[in-house]
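The values are calculated or read from the model by the stated rules, or taken from the named source; none is laboratory data. This is a predicted model, so every value here is computed, not measured. Cβ coordinates were reconstructed from backbone atoms using ideal geometry, including for glycine residues, and neighbour counts include every protein chain displayed. These accessible areas exclude ligands, DNA and RNA; they are computed on the full protein's heavy atoms, side chains included. Shrake-Rupley method; radii C 1.70, N 1.55, O 1.52, S 1.80 Å.
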Amino acid sequence: MRRLGLLGGMSWQSSALYYSLINELVAQRLGGVHSADLVMVSVDFAEVERLQAAGDWERAGELLAREAQGLEAAGAEAILLCTNTMHLVAPAIEAAVSIPLLHLADVTARAVSAAGLDRVGMLGTRFTMQQPFLRDRIASHGLDVLVPEPDDQEVVHRVIYEELVRGVVSEQSRAEYLRIIDRLVAQGAQGIVLGCTEIELLIEQHHVAVPLFPTTRLHAEAAVEWALAP
């Protein structure tokens, strides 16, 4: 088993989900009392969120690149950035280490293509929905990616930062998300990418009729495949 480095804390809610999923998947594959070989760093999300709000992506990239170097020094053989939004600074992380970054967008795009779809809607933070770093990388796999209208983007973003990163799951917010998903489906989305790890706390497959692509689970599954590859 190869050692994975988890770069988390953005938020700790989603990082805990990554940790659980990866260990559960390893146990399913190997049986017995097997668990994953991991090293993990969990940053203070308040500092990262402040840099996000200020648009200081260069400094945010420097911060995460430094933490990634620490994971490599601790023996990690590949890195998972346990957040969608901060893939905006993935190039800075990749440039700082000599081990691979298992990119969430590539994993997600392969899953969408494997399902036979070519147009999906994507929910995420305002940064993820408005900026091209994730959307364009998914689209580079030959897919069309739709995002909500600006007013709906604000609803999705607010729920993430005011509720989900704090572990708050609200039926009212779920209803708002389902309304927004319905609008994306009406615009031609054949499936929905949950492009923020915390959204998986709120929306599950049984809530919607179209396929969901939960990026945290897909990322964790790909990481385990990589770690256990012969």
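For the chain, what is the accessible area per residue in Å² when the probe is 1.4 Å? Write down the numbers at each step before the final one.
Numbers: 9830 Å² over 230 residues.
Solvent-accessible surface per residue comes out at 43 Å².
Counting Lys and Arg as +1 and Asp and Glu as -1, each charge on the Cβ, what is the dipole of the chain about the Cα centre in debye, to the nearest 20? It would help to have the intermediate numbers written out before the result.
Working: 17 positive and 30 negative charges, 75 e Å.
Once rounded to the nearest 20, the dipole reads 360 debye.
Between 0 and 90 degrees, rounded to the nearest ten: what's the tilt of helix 12-30 against the longest Cα principal axis of the chain?
70
Per-residue counts of other Cβ atoms within 10 Å, averaged by peptide: what ranking do you get for 121-132, 154-165, highest first? Could you put the intermediate results ahead of the total?
Details: 121-132: 21.2, 154-165: 18.8.
Descending mean neighbour count gives 121-132, 154-165.
Expressed as an acute angle from 0 to 90° and rounded to the nearest 10, what is the orientation of the C-alpha long axis of helix 45-54 relative to the principal long axis of the chain?
That helix lies at roughly 50 degrees to the long axis.
Rounded to the nearest 500, what is the 222 nm mean residue ellipticity of the chain from helices alone, with -39500 (n - 2.57) per DSSP H run of 4+ residues and division by all residues? Spell out each step's value before the answer.
Details: 10 runs with 120 residues, N = 230.
The per-residue figure over the chain is -16000 deg cm²/dmol.
Treating the angle as unsigned and between 0 and 90°, give the value, to the nearest 10°, between the Cα long axis of helix 57-73 and the longest Cα principal axis of the chain.
The answer is roughly 40 degrees.
Need the C-alpha centroid separation for the range 192-209 versus the range 51-80, integer Å.
26
What is the distance, in nm, between label points placed 7 Å from the Cα along the Cα-to-Cβ direction at Ala16 and at Glu204?
1.6
Give the Cα extents of the range 123-230 along the principal axes, in whole Å, largest first.
46, 31, 27
For the pair Glu49 and Arg119, how long in nm is the line joining their label points, each one 7 Å along Cα→Cβ?
Going by the 7 Å Cα→Cβ label model, 3.6 nm.
If you wrap the range 53-177's Cα atoms in a convex hull and average its projection over all directions, what's the area in nm²? Present the calculation step by step, with values, prior to reporting the outcome.
Values: hull surface 36.1 nm².
About 9.0 nm², averaged over all directions.
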